[in-house]
Amino acid sequence: MLAPLDHLHAGPPQPPHEQLLAELPLTVLVGVTGVGKSTALRALQAADPGARVLPDRREVTDRVMIWPISGGPVSDRAERFRLTARYREQHPGGMAHALGTLTADTRHWGERPLFDGLRGREEVEYAAKTFSRWRFVALHAPDTVRVRRLLSRADAFDRTSAVKSGDNLRAALAALPGAAAVFSPADLDTLAALEAEGHTPQDILAKTQIVVTERQHYDPDAAAAFLQTLPPKRALLLDTVALSPEQIAAAIGAWA
């Protein structure tokens, strides 16, 4: 059985030291896999050692969204996307809804924690309209950069069902369901060329499939477009290619 979330629980708060996350001035990072949220958080914590970061999206997803449906751990990324989509059908707002149901021990998390993170317009719009004290930092990187970052970080979580490249990686990339809606022919050429950098065709395909599958469930461009409609004090949009992690931390610090 999964361990409980650290100093967080479902249900009403026990005064005086507990408070619903829904009522705290939470700073939420917004972005899909590989845009640089974890790197940005590390830079933020280096700049401000007192910053408290809530359990990440993966942990909340396991304990609040996936475990009650599946009855056990699920490691395949495509299957996780399917199960979280099912949760969103039952609970509009998806992760934003799940996070808003939790109560935090403010002795541990403080009054202004950070969370990594929300994805897609549905989650972000629900959060912005439902939780008036939450603020949002949207991070962006091109999809080809995201694939490269997934290849570089070697996270065991970044896996999906076995894929086969055959003899032609470029053709296999183009054959991935939904790839044409995410990547241009030039993008696919760039991804195929990653093999020359020492990455295996199977790994390139797997990471590309993660990016494509995630795009089918969460549209980062639509999320960013919505955030641009919010007052500047509630939304900050940053490019993780143009800015270093330290610059991103400085921008968030100045904005906060």
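The values are calculated or read from the model by the stated rules, or taken from the named source; none is laboratory data. This structure is a prediction, so every number in the text was calculated from the model and none was measured. FYI the Cβ positions are ideal-geometry reconstructions off the backbone, even for glycines, and counts take in every protein chain you see.
Tabulated results
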read-out: Failed criterion for ALA162 (all others in (1) at pLDDT below 95; (2) over 20 Å from GLY31 (Cβ atoms); (3) assigned to a helix (DSSP H, G or I) hold); value: (3)
read-out: Hits in the range 48-67 - residues which are within 13 Å of GLY253 (Cβ to Cβ) and surrounded by 15 or more Cβ atoms within 10 Å (Cβ to Cβ); value: ALA51
read-out: Residue among LEU176, LEU188 that is surrounded by 21 or more Cβ atoms within 10 Å (Cβ to Cβ) and of a type outside the set (Gly, Ala, Ser); value: LEU188
read-out: Residue within the range 4-25 that is surrounded by 15 or more Cβ atoms within 10 Å (Cβ to Cβ) and without any contact (Cβ under 8 Å) to a residue 24 or more places away in the chain present; value: no
read-out: Boolean, ASP167 is acidic (Asp, Glu), in a loop (DSSP other than H, G, I, E, B), modelled with pLDDT under 95 and surrounded by 15 or more Cβ atoms within 10 Å (Cβ to Cβ); value: no
read-out: Qualifying residue in the range 26-38 (condition: under 13 Å from the mean Cα position of the chain (by Cα), over 19 Å from ALA98 (Cβ atoms) and part of a helix (DSSP H, G or I)); value: yes
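Residues are listed down the side, and each one gets a yes or a no for (1) within 25 Å of LEU151 (Cβ to Cβ); (2) among the charged types (D, E, K, R); (3) not assigned by TED's automatic domain parsing to the domain that holds TRP134:
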residue	(1), (2), (3)
HIS7	no, no, yes
LEU26	no, no, no
ARG42	yes, yes, no
GLU59	yes, yes, no
VAL74	yes, no, no
ARG77	yes, yes, no
ARG80	yes, yes, no
GLN90	no, no, no
